[in-house]
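Engineer: Structure incoming, see below.
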Amino acid sequence: MQYNPTIGIETHVELKTNSKMFCRCKVVDTEEPNVSLCPTCLGLPGALPVPNKKAIEFITLLALSTNCKITKQGMFHRKNYFYPDLPKNYQISQFDLPVGINGSLKIVLNDQEAEVAIERVHMEEDTGKSTHMGTGRIDSATSTALDFNRSGVPLVEIVTKPVLKTSLEAVAYIEELRQLVLDLGISEGKLEKGNLRFDANISVANSESDVLGTKVEIKNMNSLRSLERAIDYEIERQIKALNNGEIIAQETRHWDEGKEVTKPMRSKEGSADYRYFSDPDIPNMVLDEEFVNIIKSKMPKLPYQKRLELMQTGLSIGEANILSKSNDWIVKLFHDVYSTTKNSSSTYNWITGELQGQMRKVEINELPSWFKADSLSEIINLIESNKISFSSGKVILAALLVKNVTPYDVAKEQNLFQENDSEKILQIVKNVITENSEVVVRIKNGEDKLIGFLVGLIIKSSGGSINPSIAKDLLSKELEE
Ligand SMILES: [Zn+2]
């Protein structure tokens, strides 16, 4: 039987605000536990929450940039559950009146643009952090240490509709979302630090059925590799179970990174289990037109717009996508260099390939202060106009990364300019042929590999100034006569 998988993704993004969601405590990035706390984020009796305006602005910005409809009358709800790192015993979240609903995000999949439907964008607060001593697992730990630095840090949750079909589509979606929050300036966007964490809801259904299969949720992944593997594993597990006549349980599973399997955590709770009710301590939130218009006016260039601009230079959507997800200085360098070379393909190749490769080699993360876009344009133009060879271009680039020189100076100093006087080149070729008549006879008798030997002699007698392919062409022509 043929099965179709359906995937929905919930992503928690940690917002880059100075203070926490409902108190003045600083958001800190430290290993030292429990240094940023107050009665509010510790859930002490009588402490009252006050929403963080900056966080609401950031969430609204994200909702607008994903084409969501903004809910004018927003509301904060209590999501009730017990866990040691949740001292209030509830999380302040949003329920039926989130900041944004019914949006979409343009992604690039298999070198084509696709669109992912977004169900909602809403506010959440983070919990504290539990460290299970001994084994690292709650069920076998000797004790558990609690750090409340993260308690109350603002999060935004973005929920897609169940519309994704493959793990690769899910990865492309997360890559796009990560770039979006970076470009909006609302999050550090570092996956390795858990700034973005995702849950995947996965079901498979008989391809002839219109009804979705039973949904299984995989919790808390924070790398693209885990996301891809966990989804692939889970789809396969469910198909195998259905083929064996088993019933898929609606449950929450955990991705075991080491064993590369999903394992059951608990049966999936429904939203009724959380006893949502509106938080009596926080007034309703009004996001009126004036507020929304101010946020709209702060909208920076979005990733898909950056892609479109790059494609207008002639880059393919795949190339534009890679470049648009690079650091800002790389995108700017591309536009600056392209404005002189007008050759998007070689500009792209030099920047994404040779330049970044050489930078890694000399272990620098940013260009030296003296390095100008014009210098790279000059190298590309010298190659395009056959004044230097491609490999000389690499030599010049390497020199530019370590000292303040111009491409012209390096080419001159290292004698890299190619001889373009065809009379002069022809004379050198003829001399080499005359001086190596025995070799020429052997070539004419079929020893083709000796052509390379003569080409080497030609280049050597020109002092390295002749382009090898030109030398080879002329030599072949001369030998035919
Ligand atoms: Zn606090």
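The values are calculated or read from the model by the stated rules, or taken from the named source; none is laboratory data. None of these values were measured; they are calculated from a predicted model. We place every Cβ from the backbone using ideal geometry, glycine too, and count neighbours over all the protein chains shown.
Engineer: Looking only at region 25-67, which residues are near the ligand (Cβ under 10 Å from one of its atoms) and polar (S, T, N, Q)?
Structural biologist: SER36, THR40 - these are the residues of region 25-67 that are near the ligand (Cβ under 10 Å from one of its atoms) and polar (S, T, N, Q).
Engineer: Determine if region 423-442 includes at least one residue that is surrounded by 13 or more Cβ atoms within 10 Å (Cβ to Cβ), more than 26 Å from the chain's Cα centre (by Cα) and outside any helix (DSSP H, G or I).
Structural biologist: Looking through region 423-442, at least one residue is surrounded by 13 or more Cβ atoms within 10 Å (Cβ to Cβ), more than 26 Å from the chain's Cα centre (by Cα) and outside any helix (DSSP H, G or I).
Engineer: Please find, among THR340, THR347, the residue that is over 20 Å from the mean Cα position of the chain (by Cα), part of a helix (DSSP H, G or I), surrounded by 21 or more Cβ atoms within 10 Å (Cβ to Cβ) and outside the structural domain of LEU62 (by TED's automatic domain parsing).
Structural biologist: Step by step, each of THR340, THR347 is checked, and only THR347 is over 20 Å from the mean Cα position of the chain (by Cα), part of a helix (DSSP H, G or I), surrounded by 21 or more Cβ atoms within 10 Å (Cβ to Cβ) and outside the structural domain of LEU62 (by TED's automatic domain parsing).
Engineer: Can you tell me which residues in region 312-329 are among the hydrophobic types (A, V, I, L, M, F, W, C), without any contact (Cβ under 8 Å) to a residue 60 or more places away in the chain and surrounded by fewer than 19 Cβ atoms within 10 Å (Cβ to Cβ)?
Structural biologist: ILE322, TRP329
Engineer: Next up: Tell me yes or no: at least one residue of region 75-86 is closer than 17 Å to ASN149 by Cβ and hydroxyl-bearing (Ser, Thr, Tyr).
Structural biologist: Yes; the residues of region 75-86 include at least one that is closer than 17 Å to ASN149 by Cβ and hydroxyl-bearing (Ser, Thr, Tyr).
Engineer: While we're here: Look through region 1-24, keep the residues that are in a loop (DSSP other than H, G, I, E, B) and more than 13 Å from the ligand (Cβ to nearest atom), and return whichever of them is modelled with the lowest pLDDT.
Structural biologist: MET1
Engineer: Evaluate the following for ILE174: is it in a helix (DSSP H, G or I) and crowded, with 19+ Cβ neighbours inside 10 Å?
Structural biologist: Against the criterion (in a helix (DSSP H, G or I) and crowded, with 19+ Cβ neighbours inside 10 Å), ILE174 qualifies.
Engineer: Enumerate the pairs (first residue in region 38-63 and outside any loop (DSSP other than H, G, I, E, B) and of a type in the set (Lys, Arg); second residue anywhere and more than 12 Å from the ligand (Cβ to nearest atom) and at pLDDT 95 or above) with beta-carbon separation below 7 Å, excluding pairs fewer than 6 apart on the same chain, so at least 6 apart or on different chains.
Structural biologist: LYS54/THR17
Engineer: Hey, another quick one. Where in region 91-144 are there strands (runs of 3 or more DSSP E), lying wholly inside it, with at least 2 residues that are within 20 Å of the chain's Cα centre (by Cα), surrounded by 19 or more Cβ atoms within 10 Å (Cβ to Cβ) and at pLDDT 95 or above?
Structural biologist: Of the strands (runs of 3 or more DSSP E) lying wholly inside region 91-144, those with at least 2 residues that are within 20 Å of the chain's Cα centre (by Cα), surrounded by 19 or more Cβ atoms within 10 Å (Cβ to Cβ) and at pLDDT 95 or above span 100-109, 112-125.
Engineer: Taking the conditions exactly as written (surrounded by 15 or more Cβ atoms within 10 Å (Cβ to Cβ) and outside the structural domain of ASN349 (by TED's automatic domain parsing)), does LEU454 satisfy them or not?
Structural biologist: yes
Engineer: Against the definition (surrounded by 12 or more Cβ atoms within 10 Å (Cβ to Cβ), in the same structural domain as ARG225 (by TED's automatic domain parsing) and small (Gly, Ala, Ser)), how does SER278 come out, yes or no?
Structural biologist: Spelling it out, SER278 is indeed surrounded by 12 or more Cβ atoms within 10 Å (Cβ to Cβ), in the same structural domain as ARG225 (by TED's automatic domain parsing) and small (Gly, Ala, Ser).
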